[in-house]
Amino acid sequence: MSQEAVVSLRNVTKRIGKTTIIDHLTFDVPKGEIFGFLGPNGAGKTTTIRMMVGLMKITQGEILIKGKSIKSEFEQAISHVGAIVENPEMYKYLSGYRNLVHYARMVPGVTKARIDEVVKLVKLEDRIHDKVKKYSLGMRQRLGVAQAMLHKPSLLILDEPTNGLDPAGIRELRDYLRHLTREEGITVIVSSHLLSEMELMCDRIAILQRGKLIDVKGVEEFVGGNDQAQTYLIEASADALAVADIRAMNGVEDAKAVSEGIEVVTGRDRIPEILAYLIKNDVDVYGARAVRQSLEDRFLEMTGGEGIG
Amino acid sequence: MVNLIANENMKVYRRYRTWVMIGGMIAIVIIASIFDWYYDRKDLTETTWQTEVTADVAHYEKMLADPNMGEDSKDWARDELAISKYRLAHDIAPEDGTMWSGINGAADLIVLITLFTVIIAGDSLAGEFSTGTIKLLLIRPANRLKILIAKYASMIMFGLLLLIILFLISLLVNGILYQFDSTGLPYLTVDSHGIVKEHNMFGHLWQTYLLNGVSTIMFVTLAFMISSAFRSSAMAIGFSIFLLFAGVLMLEIFHPYEWSKYLLFANIDLSQYLDGQPYQEGMTLGFSIAVLAGYYIVFNLVAWLAFTKRDVAA
């Protein structure tokens, strides 16, 4: 995996004064992967990203982007990177187009045609000549993606990319990132506090807490497969007796009555049986669904219940 | 590098406030020139310049004859006397009451250029930090030194542009006001042998403008340094403008101390060597240039270190 790694962090440490903000981070991100950073506020997500793009110095350790050190070969390393760090802050007094021209001038080989192409990609054709101060947050976010994509980077780093996007925008961004990784082999690193987003977007997720890497796992491992017990909500007008019966069923770990119906912790394969039982006993069933909070639950479990920003 | 400077220029000239400043400066030059011209005409006496210069000659001769007069003053009076006599002999009018005095007077407005350039320079770096645009600026394949130099170069270009605009507008306005009379008037100086020389008036004025421009450059560099070190536009602009006006006051206060000749403000006005007395005894043009160069290097070094070595956490 390491020869293919687009980004490698080796024992990356950041100290400010005596405080260790980032503590020996080591991981690789292979080509074509969407990699997520997850962690509570102050865990060091943004600091790590800032070190990756050279805005902050690395106290100890090394970050390689396509084999080039961000420390000693900054210009070569950074030319592979497109990024948004926190909010995409643009020159508000310039038009969106002028902003793109500004960034295009800083990288060799970005043509006017490429700028138009990127503008089309983020669907800003109608407003690109307006001043950025007239843009909505979502439009600024899209302009941010446009400036990051201008020079066709092989690594896209997006810090909280879904900030300010409406659900349709988030979905669009997600599909777009999928397209980039699948079709163009671009590697994407995102950080987000929207866990459900990470779950849908990422291939692998790294969990950071107090500057330490707690775990790096594939999303499936987090969420759990078919055989693992999960919480399901069955919307039904069930009485206590039915709940007790369900709890006693084979393969059911737990069942309790909640205001909407019954919450059952069980494997997916047990659900038809439970439903059949309820219907047979004349209980009105309105629906059944998995309570998809598993990532959040897992996260809280791993970080010891610290809040998620 | 050319692209980076083009970027910085874009950020200066595609901004409304820049044009407000340029427009404001043009308006002030026009108004000030009209005022000057108006009062100049009111003062106009019935006498010709020849009678006035003859009176001057008598005055200088009296000064030279006065035993209580200091050696410096006598040197000055001797030079002025030579020029006055030359004027009478060759029929060359003084600049007073011609367009040239108006243009020369407009050189005083260079302090406005300093003011405007300091505002732009103070905001140039710090503004990028306070708006957060610095992050997207620095994650490009251009190292921080190049970006710093590009910003600095665009500031100096802005100052120079204002200087050229000031000169052209004052030339035009004063030319119109004085109906372009005495355009061929030469500028007179006395060399060390007491011989009067004729110079081109244009050249002399540019010398004045450029010498005044030195102070603009120093203040811009100062503002740039503060902008880089503190990453605050308000601080950079405020502090530089404060020094711009407090400098003269500081010179008054510290004048009794000999070390005050090493102060930036004691050396910033190089035109003190063109006409008049230097701030402290024994100061020469070479000394001032050396002191200014020292300050210049320190300012730029601090700006560079503060900008390239520190983390961006904005």
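The values are calculated or read from the model by the stated rules, or taken from the named source; none is laboratory data. Just so it is clear, the model here is predicted, and its values are computed rather than measured. Here the Cβ is made from the backbone with ideal geometry for all residues, glycine too, and neighbour counts use every protein chain on show. Ligands, DNA and RNA are stripped out before the accessible areas are found, and what is left, the full protein with its side chains, is counted by its heavy atoms. Shrake-Rupley method; radii C 1.70, N 1.55, O 1.52, S 1.80 Å.
Just a few scattered comments:
- Sorting the segments A:148-154, B:73-79, A:239-245 by their residues' average number of neighbouring beta-carbon atoms within 10 angstrom, most packed first, yields A:148-154, B:73-79, A:239-245.
- When you filter the chymotrypsin sites (Phe, Trp or Tyr not before Pro) in region A:1-58 for DSSP loop state and at most 10 other Cβ atoms inside 10 Å of their Cβ, nothing is left.
- Average accessible area per residue (Å²) across region A:5-223 - probe 1.4 Å, nucleic acids and ligands excluded: 40 Å²
- Each of A:VAL118, A:CYS202, A:TYR93 was placed along the dipole of region A:5-223 (beta-carbon charges, centred on the mean Cα), and the one lying farthest toward the positive end is A:TYR93.
- Distance cut-off 21 Å, percentage of C-alpha pairs in region A:230-295 lying past it: 10 percent
- Rounded to the nearest 20 debye, the dipole magnitude of region A:95-198 is 400 debye, with +1 charges on Lys and Arg beta carbons, -1 on Asp and Glu beta carbons, and the Cα centre as origin.
- For region A:5-223, the relative contact order is 29 percent, taking Cα pairs closer than 8 Å that sit 6 or more residues apart in sequence and dividing their mean separation by the residue count.
- Dipole magnitude (debye, nearest 20) for chain A, charges at Cβ of Lys, Arg, Asp, Glu: 2080 debye
- Å² per residue, accessible surface of chain B at 1.4 Å: 49 Å²
- Complex-versus-alone comparison for region A:51-84, residues with a loss of 50 Å² or more in accessible area, probe 1.4 Å: A:LEU55, A:LYS57, A:GLU75
- Helical content of chain A, expressed as a calculated mean residue ellipticity at 222 nm, amounts to -9500 deg cm²/dmol (DSSP H runs of 4 or more residues, -39,500 (n - 2.57) each, divided by residue number, nearest 500).
- Chain B has equivalent-ellipsoid semi-axes of 43, 24, 15 Å, by the square roots of 5 times the alpha carbon gyration tensor eigenvalues, sorted largest first.
- Taking GluC sites (Glu not before Pro) as exposed when their DSSP state is a loop state and no more than 11 other Cβ atoms lie within 10 Å, the longest site-free interval of chain B runs over B:47-280.
- Around the Cα centre of region A:230-295, unit charges on the Cβ atoms of Lys, Arg, Asp and Glu (plus for the first two, minus for the last two) sum to a dipole of about 220 debye.
- Taking every residue in A:142-148 and counting other chain Cβ atoms within 10 Å of its Cβ, the average works out to 1.
- Taking only protein heavy atoms and a 1.4 Å probe, the accessible area of chain B is 66% carbon and sulfur.
- When only alpha carbons of region B:169-258 are considered, Rg and Dmax amount to 19.7, 54 Å.
- Annotation for region B:211-314: chymotrypsin sites (Phe, Trp or Tyr not before Pro) lying in DSSP loop with at most 13 further Cβ atoms inside 10 Å of their Cβ are B:TYR257.
- For region A:42-147, the set of GluC sites (Glu not before Pro) satisfying both a DSSP loop assignment and a count of at most 14 other C-beta atoms within 10 Å is given as A:GLU73, A:GLU125.
- Based on C-alpha pairs under 8 angstrom that are at least 6 apart in sequence, region A:230-295 has a relative contact order of 46 percent.
- Taking region B:93-124 and a reference point 7 angstrom along Cα→Cβ of B:MET235, the backbone N atoms nearer than 16 Å belong to B:122-124.
- The P(r) of the protein assembly as shown has a tail past 45 Å containing 43 percent of all C-alpha pairs.
- Projecting the Cα atoms of A:THR13, B:LEU112, B:PHE224 onto the charge dipole of the protein assembly as shown (Cβ charges, centred on the Cα centre) puts A:THR13 farthest toward the positive pole.
- If the convex hull is drawn through the Cα atoms of region B:214-314, its volume per residue in Å³: 98 Å³
- Angstrom value of the Kirkwood radius, inverse mean 1/r, which spans all Cα pairs in region B:42-99: 12.4 Å
- Number of partner chain Cβ atoms within 10 Å, mean per residue of A:100-107: 6
- Flagged links, alpha-carbon separation over 32 Å, of A:LYS212/B:LYS11; A:LYS68/A:LYS217; A:LYS212/B:LYS146; A:LYS45/A:LYS123: A:LYS212/B:LYS11; A:LYS212/B:LYS146
- Rh by Kirkwood over Cα pairs, then Stokes-Einstein D for region A:1-100 at 1.567 mPa s and 4 °C, µm²/s: 88 µm²/s
- Share of carbon and sulfur in the accessible area of region A:230-295 stands at 47%, probe radius 1.4 Å.
- Heavy-atom accessible surface of region A:5-223: percent carbon and sulfur, 1.4 Å: 49 percent
- Heavy-atom accessible surface that A and B bury in contact, both chains counted, 1.4 Å, Å² to 100: 2900 Å²
- With the gyration tensor restricted to C-alpha atoms of region A:53-115, the semi-axes of the equivalent ellipsoid amount to 27, 15, 8 Å, longest first.
- Computed over region A:139-209, relative contact order equals 36 percent, with contacts defined as Cα pairs under 8 Å that lie 6+ residues apart.
- Averaged over B:7-17, number of beta-carbon atoms from partner chains that fall within 10 Å: 3
- Cα shape, region A:5-223, gyration tensor, a/c 1.5 rule: prolate
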